[in-house]
Amino acid sequence: MKRKVAPCLLIALAILTGCEGSYRTHVIVGKLELPSGSTGIVRISILNPPDAQMIQVGPVGFLTFNPGVIQVTGLTGVNGFTVFGSTINNMMGWVQFVASFPGGSIRPISAAGLGILEIPIIEMSVQAVGPAGTQTALTITAVDLFTDRVGQPIPIGPPIAGQVVIITP
């Protein structure tokens with residue numbers, strides 16, 4: 001009986017941890033419903049944050065959107081992160097940015113027993129320019145750099161896309 005339980009436990013742990021022996025870190029773009037003509041905030045977060053200090057999307061990666069549905073008006077760091085540089089191209093529908101946690105880092109709080117943890121690090125201001133019923137995916141094509149507080153790269157899973165839906169006011 002013990003021989004059957006141990007392999008099952010190992011398989012379950014492998015599935016939960018992404019088969020890497022540790023929790024899986026992802027960058028997540030939030031979802032938002034917004035009336036046409038209004039403004040709102042989409043949060044970019046880290047799921048299961050390690051000792052993270054810096055994230056960069058660009059020069060290879062982009063956060064893409066449909067510029068006929070929304071326009072991006074700015075990026076602001078939150079929870080200790082600061083956006084040090086960004087390029088917003090509302091004609092083509094993409095954003096690139098670099099953000100860091102100066103003088104520190106977001107550290108895991110797994111000891112507190114919180115399980116899966118999602119911490120917002122950037123707030124992206126958007127304006128709805130499309131008519132009600134339109135929507136756009138918010139997709140990060142690649143994270144160019146994601147490092148810990150000593151500059152070592154942190155492996156991450158594929159970014160999780162978000163969405164903005166334009167609703168009737």
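The values are calculated or read from the model by the stated rules, or taken from the named source; none is laboratory data. Remember, it's a predicted structure, so these values are computed and weren't measured experimentally. Quick reminder, even Gly has a Cβ in these numbers, built from the backbone with ideal geometry, and neighbours come from all protein chains shown.
Can you find a residue that is buried (at least 19 other Cβ atoms within 10 Å of the Cβ) and at pLDDT 95 or above anywhere in segment 152-161?
Step one: filter segment 152-161 for residues buried (at least 19 other Cβ atoms within 10 Å of the Cβ), giving 159.
Add one more test, that the residue is at pLDDT 95 or above, and what stays is 159.
There is at least one residue in segment 152-161 that is buried (at least 19 other Cβ atoms within 10 Å of the Cβ) and at pLDDT 95 or above.
Taking segment 141-161 only, how many residues are among the acidic types (D, E) and assigned to a loop (DSSP other than H, G, I, E, B)?
Let us first name the residues in segment 141-161 that are among the acidic types (D, E), namely 144, 148.
Applying the additional criterion that residues be assigned to a loop (DSSP other than H, G, I, E, B) yields 144.
Number of matching residues: 1.
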I want to confirm something. Restricting to segment 78-119 and keeping residues that are loosely packed, with under 15 Cβ neighbours inside 10 Å, assigned to a loop (DSSP other than H, G, I, E, B) and hydrophobic (A, V, I, L, M, F, W, C), which single residue is modelled with the lowest pLDDT? I109
Pick from I106, I160, I55, I88: which is touching a Pro at 6+ places or on another chain (Cβ under 8 Å) and hydrophobic (A, V, I, L, M, F, W, C)? I106
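State whether the residues of segment 127-135 include one that is under 25 Å from G40 (Cβ atoms), hydroxyl-bearing (S, T, Y), assigned to a strand (DSSP E or B) and out of contact with any Cys (no Cβ under 7 Å at 6 or more places or on another chain). Spell out how you get there, then give the answer.
If we filter segment 127-135 for residues that are under 25 Å from G40 (Cβ atoms), which is where we start, we get 127-135.
Now drop any that are not hydroxyl-bearing (S, T, Y), which leaves 134.
Cutting the leftovers down to assigned to a strand (DSSP E or B) gives us none.
No: zero hits.
Residue by residue, here is whether (1) of a type in the set (D, E, K, R); (2) assigned to a strand (DSSP E or B) holds:
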{"position": "I28", "(1), (2)": "no, yes"}
{"position": "E33", "(1), (2)": "yes, yes"}
{"position": "S45", "(1), (2)": "no, yes"}
{"position": "G68", "(1), (2)": "no, no"}
{"position": "L75", "(1), (2)": "no, yes"}
